[in-house]
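Visitor: Below are the structure tokens for one structure; questions will follow.
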Amino acid sequence: MEKVIYRFSRYSGKKIYARREISYEIQLMARLMLDELCFNWNKNRLLEKIDCAFEEGNKEKFLRISEEYKQYVWE
């Protein structure tokens, strides 16, 4: 489990060290949220590239990028 370490310092006196564990649920939720954001960003980027290739009339580029895009739409 990952731990976060906080360090509190007073102006005078002894330094205090405190440790707090991040719960598994919060870690999992953060990981899933980041995965979802990355997935959507990559998918939208590929769609933009497909649109550009279509507008340029570049069939080879269109087909190549369409193959990459298939990974984002299979179910």
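The values are calculated or read from the model by the stated rules, or taken from the named source; none is laboratory data. Everything numeric here is computed off the predicted structure, so don't read it as measured data. Counting neighbours? That spans all protein chains shown, and the Cβs are built from the backbone with ideal geometry, glycine included.
Visitor: List every residue pair whose Cβ atoms lie under 6 Å apart, where the two residues are 6 or more positions apart in sequence or sit on different chains, the first residue falls within region 33-56 and is touching a residue at least 24 places away in the same chain (Cβ under 8 Å), and the second residue, located anywhere, is aromatic (Phe, Trp, Tyr) and part of a helix (DSSP H, G or I).
Guide: Lys43/Tyr72; Leu46/Tyr69
Visitor: In region 41-68, which residues are assigned to a helix (DSSP H, G or I), in contact with a helix residue (DSSP H, G or I) (Cβ under 9 Å, 6 or more places away or on another chain) and of a type in the set (S, T, N, Q)? Please lay out each step first, then the result.
Guide: We begin by selecting, within region 41-68, every residue assigned to a helix (DSSP H, G or I); these are 41-56, 59-68.
Right, trim to in contact with a helix residue (DSSP H, G or I) (Cβ under 9 Å, 6 or more places away or on another chain) and you get 42-43, 46-47, 49-50, 52-54, 56, 59-66, 68.
Asn42, Ser66 - these are the residues of region 41-68 that are assigned to a helix (DSSP H, G or I), in contact with a helix residue (DSSP H, G or I) (Cβ under 9 Å, 6 or more places away or on another chain) and of a type in the set (S, T, N, Q).
Visitor: Ok, one more. Could you check region 1-46 and list, in sequence order, the residues that are modelled with pLDDT under 80 and either among the charged types (D, E, K, R) or under 9 Å from the mean Cα position of the chain (by Cα) (or both)?
Guide: Hits for region 1-46 are Glu2, Lys3, Arg7, Arg10, Lys14, Lys15, Arg19, Arg20.
Visitor: What is the residue count in region 55-75 for residues that are surrounded by 12 or more Cβ atoms within 10 Å (Cβ to Cβ) and not hydroxyl-bearing (Ser, Thr, Tyr)? Spell out how you get there, then give the answer.
Guide: Step one: filter region 55-75 for residues surrounded by 12 or more Cβ atoms within 10 Å (Cβ to Cβ), giving 58, 61-62, 64-66, 68-69, 72.
Still in the list and also not hydroxyl-bearing (Ser, Thr, Tyr): 58, 61-62, 64-65, 68.
Residues in region 55-75 being surrounded by 12 or more Cβ atoms within 10 Å (Cβ to Cβ) and not hydroxyl-bearing (Ser, Thr, Tyr): 6 in total.
Visitor: Counting just the residues of region 17-44 that are surrounded by fewer than 10 Cβ atoms within 10 Å (Cβ to Cβ) and charged (D, E, K, R), which one comes out farthest from Arg7 (Cα to Cα)?
Guide: Top of the filtered list is Glu25.
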